[in-house]
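The numbers here are math on the coordinates, done by the rules we state, and not lab data. Small disclaimer: the values here were computed from a predicted structure and weren't measured. Ideal geometry is used to build each Cβ from the backbone, glycine not excepted, and the neighbour counts take in all protein chains shown.
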Protein chains: 2
Amino acid sequence: MERSTYTGLLDAAQNLIQRDGFNAFSYRHLSEAVGIRTASIHYHFPTKEDLGEALVRRYREHFAGVLAEIKRESLDARSSLERYAERFLETLKDDGKICLCGMLASDYPTLPRDVQNEVKAFFVENHAWIAHVLQEGLEDGTFKFRGTSEDVAMTFFSTLTGSMFDARMFDDSERLVRSIRSWLDLISHKE
Amino acid sequence: MERSTYTGLLDAAQNLIQRDGFNAFSYRHLSEAVGIRTASIHYHFPTKEDLGEALVRRYREHFAGVLAEIKRESLDARSSLERYAERFLETLKDDGKICLCGMLASDYPTLPRDVQNEVKAFFVENHAWIAHVLQEGLEDGTFKFRGTSEDVAMTFFSTLTGSMFDARMFDDSERLVRSIRSWLDLISHKE
DNA sequence: TCATACCTATCTAGTGATAGATAGTTTGTG
DNA sequence: CACAAACTATCTATCACTAGATAGGTATGA
């Protein structure tokens, strides 16, 4: 039971932050979402920083598993990136949610230090994974591009997060779909 | 005199919002930045929504002038996009500021309605301008891409705003430089 | 001309609501 | 009982915003 309250708090906090960001979400909102008093939330997470850090760490670790799974199961580089991008699309379709760390990157200067570090770690890990897939695709002829894999990886991740904001604003997830397809076409060799 | 207070408020508000977003900025911060009491700010901008709307409208109109100037003076499509991207780089180098509307897009669900509409208008105008330049470059052979100009324009704008957050987080404007160059290389024909 | 009236831009002081956080207490369960 | 997990009640700080006053400028009109 106590475990499910803890997890329920993280889940609800993630929902709120993925929509409104770290500053526009409060213990009061969380209290209403979970059904316990704000004081009781402080029992589980003494400060907002504690909550934020636990949340991003869980998200980051979960994502590391997703990355490993895609790499294990995918046939080629293009379908790896497609499956990666699919996670962002699913998140967006779930009530217009934004990638947690994409959202927190926009709140970065106002974030507690430990949360900042978790968000940066997420970016580093994701950029490295994308760069690795890009490099594979470059070497086996699936992809064609001139910049370094690291730089191109950054443009891919930026396109994903940027287009999530765009698609949410226009309440049209197809905008993210088209953005992903267009970007992948830019580096795909065939035609 | 009264005019300069009004403008000074807009300037200071823009600085604060470009760093912290709409929710993490307050009349109190603004008061400290310009040196008048919060009550006096309400004389010029009765509500935060009024301030936000005036600010984004001014920004949008200023940007429309920038777009027209680039189009008037630039020789080819690639240098138009380079000059466009250069504005984002200058903004970032100015104390890690983010494009105002890129920042507000991340705050979108919590924004007052009139501010939301101004931000959307900014996106529409900028996407249309980029798409037009891309189409020109496609037709004269400067660029090569498969998606529609509109979709590719969205990936360019998303790359710019997304990479601003990235570069700010790592306190390294060169990351934006490399992102821009890599993206432009993806659609450039030569080599 | 000069007094009355209005306007502009600021101020002090305060509203109710909400923020994150704390102390101390009750409740449920093994 | 002992402990975990919730509670009530409260704190201080800040939020956007308002009321009412004031000083100085400007316009009007007898």
Full-stretch length increase - residue A:93, residue A:66 - with 0.36 nm per residue and alpha-carbon distance subtracted: 7.9 nm
Per-residue ³J(HN,Hα) for segment B:111-124, Karplus 6.51 cos²θ - 1.76 cosθ + 1.60, θ = phi - 60°, Hz, x for Gly and Pro: 7, x, 3, 5, 5, 3, 5, 5, 5, 4, 4, 4, 4, 4
Segment B:96-191 - Rg and Dmax from Cα coordinates, angstrom: 14.9, 48
Residues whose placed amide H lies under 5 Å from that of residue A:143, excluding near-sequence neighbours: A:138
Taking A:170, B:123 and counting other C-beta atoms within 10 Å, the order from fewest to most: A:170, B:123
Expected-Rg normalisation [2.2 N^0.38 Å, Cα atoms] applied to segment A:135-182: 1.35
Calculated P(r) of the protein assembly as shown - Cα pairs past 34 Å, %: 29
Evaluated over chain B, the Cα radius of gyration and Dmax, each in Å: 18.0, 60
Where the Cα pairs of segment B:65-123 fall when distances are cut into 10 Å bins, in %: 21, 37, 34, 8, 0
Under 14 Å, Cβ to Cβ, from residue B:65 - net charge with Lys/Arg +1 and Asp/Glu -1: +3
Long-range lysine pairs (8 or more apart or interchain), the protein assembly as shown, Cα under 21 Å: 18
At q = 0.25, 0.28, 0.30, 0.32 Å⁻¹, base-10 log of I(q)/I(0) for segment A:20-67 (Debye sum, equal scatterers on each alpha carbon): -0.95, -1.05, -1.10, -1.15
Residue-averaged 222 nm ellipticity for chain A, from DSSP H runs of 4+ at -39500 (n - 2.57), nearest 500: -25500 deg cm²/dmol
